[in-house]
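The values are calculated or read from the model by the stated rules, or taken from the named source; none is laboratory data. On a predicted model such as this, the values are computed, not experimentally measured, just so you know. With ideal geometry, Cβ positions are generated from the backbone for all residues, glycine too; neighbour counts draw on all protein chains shown. Ligands, DNA and RNA are excluded from the accessible area calculation, which covers all protein heavy atoms including side chains. Shrake-Rupley method; radii C 1.70, N 1.55, O 1.52, S 1.80 Å.
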Amino acid sequence: MRRPTDWSGSVMQKRIARRYAAERRFKALGLFAVLLSSGFLAFLLFTMVGKGVLGFQQTEIALDLDFPTLTGGTQATALRGPGADATLNSLDLGGIVGVAASAQYGADGEDLIGGGTALAVRKLLLADPALVEKKQRLWVPAAAAIDSAYKSKGDAKAEALVAKLKAQSAIQSSVNTTFLTGADATDPTEAGIWAAFKGSLITMAITLMLAFPVGVLSALYLEEYAPKNRLTELIEVSINNLAAVPSIIFGLLGLAIFLSLFGLPRSSALVGGLTLALMTMPVIVISGRNAVKAVPPSIREAAMGIGASPVQVVFHHVLPLALPGILTGTIIGMARALGETAPLLMIGMRAFIASPPSGITDPATALPVQIYLWSDEVNSAFVEKTSAAIIVLLIFLLGMNAVAIYLRNRFETRW
């Protein structure tokens, strides 16, 4: 005969103490896990933002230009009208700024100014032709070595030149508008992110237009109309497996079908969008099926009870109620596609793009690919460009996730 449990005895008190101790350990482990993950995230963001902020800044050098002497007395009227480009081409602005820099700063003058100085002067003259008739102090982009030495640390020669420029009040830092409006370049002081950003926008638009309707209609058919047999079970298993396939496989598929078989333009946003649509579609189908399945059966029964047809039940009642979940899953899938690099590399979207694409068939690149290319550059000045591009990509992803949260809260129905 078992002895009755001694609820007030020392044995039970020990059991209770062990249970409370286990709960405290579990809470401590959970808190440690949260703090550890938060620490890694904070370290990542601190490192990335610390380096990336410098990419949004540029170093400028003061350059005194005596335009009447250097251009041979060119008149402002020659820079107005359709012949302005021809006139500027005849002036050899690269040689002019080189002579002015050498005259102002000595033998090291040409090493101080960046490769985009002539282009910057050209834009200023086109914007204000009257500058060509007078002396003018302009702030022009500094060379990459001077830019790095002024922002953080460079070699001994560059730091000495920066100290000399500071003593003359001939160096300053400003917002790098070229980074936000330009395209890829071999000189880090001229490199910009706009071409890659526009390429990502066009690619994502094509992906959304293809993957969303096909994915949603497939989810509705499989959940509402498809008979339960071996064929549909095979389709469901295939879709689940496709969602877990490595992204580079879809790149190989795009290379074999869209480029080799159909002969579509290589390195274009069209092929990139088609390839990413193949990768995103299974995710949309799975999230769509889960959202449709979450709609209570009573909604369908009530609609059919008042005479609605099966199509009306699905599109007038089930789909509107499932739309928040579908949209949330779609945007999360699109955010995943935005960060993919391997499929785009396989279809050739790693080309050097010196101008933003103007159409879906023009050569283009994307933000992840541009980040990959810059991270592989030998010039250390591209490090801050890479970090700044990552910040732009993160802001893009955060924006898409914010839209997903808004849509979920806006259309969500609580039962």
What are the residue pairs meeting all of these: first residue in the range 66-92, first residue β-branched (Val, Ile, Thr), second residue part of a loop (DSSP other than H, G, I, E, B) and open to solvent by less than 40 Å² (accessible area, probe 1.4 Å), Cβ atoms under 8 Å, and 6 or more apart or on different chains? 87/74
Is there any pair with a first residue in the range 222-236 that is surrounded by 10 or more Cβ atoms within 10 Å (Cβ to Cβ) and a second that is of a type in the set (D, E, K, R) whose Cβ atoms are under 7 Å apart and which are 6 or more apart or on different chains, and what are they? 222/236; 222/289; 223/289; 223/293
Taking the criterion of being assigned to a loop (DSSP other than H, G, I, E, B), within 23 Å of the chain's Cα centre (by Cα) and touching a residue at least 12 places away in the same chain (Cβ under 8 Å), would at least one residue in the range 326-339 satisfy it? yes
When you go through 65, 54, 45 one by one, which is the residue that is farther than 30 Å from residue 99 by Cβ, modelled with pLDDT under 85 and buried (at least 17 other Cβ atoms within 10 Å of the Cβ)? 54
Residues to consider are 357, 368; find the one that is outside any helix (DSSP H, G or I) and either open to solvent by less than 60 Å² (accessible area, probe 1.4 Å) or more than 27 Å from residue 261 (Cα to Cα) (or both). 357
Open to solvent by less than 60 Å² (accessible area, probe 1.4 Å) and more than 25 Å from the chain's Cα centre (by Cα): which single residue out of 202, 171 fits that description? 171
Residues that are of a type in the set (Gly, Ala, Ser) and closer than 27 Å to residue 341 by Cα: does the range 226-233 have at least one? no
Would you check which residues across the range 286-342 are β-branched (Val, Ile, Thr) and under 30 Å from residue 368 (Cβ atoms) and list them? 286, 326, 328, 330, 331, 332, 341
Are any of the residues in the range 267-282 under 25 Å from the mean Cα position of the chain (by Cα) and open to solvent by 40 Å² or more (accessible area, probe 1.4 Å)? yes
Tell me the helices (runs of 4 or more DSSP H) entirely within the range 151-240 that contain at least 3 residues that are under 19 Å from residue 290 (Cα atoms). 194-220
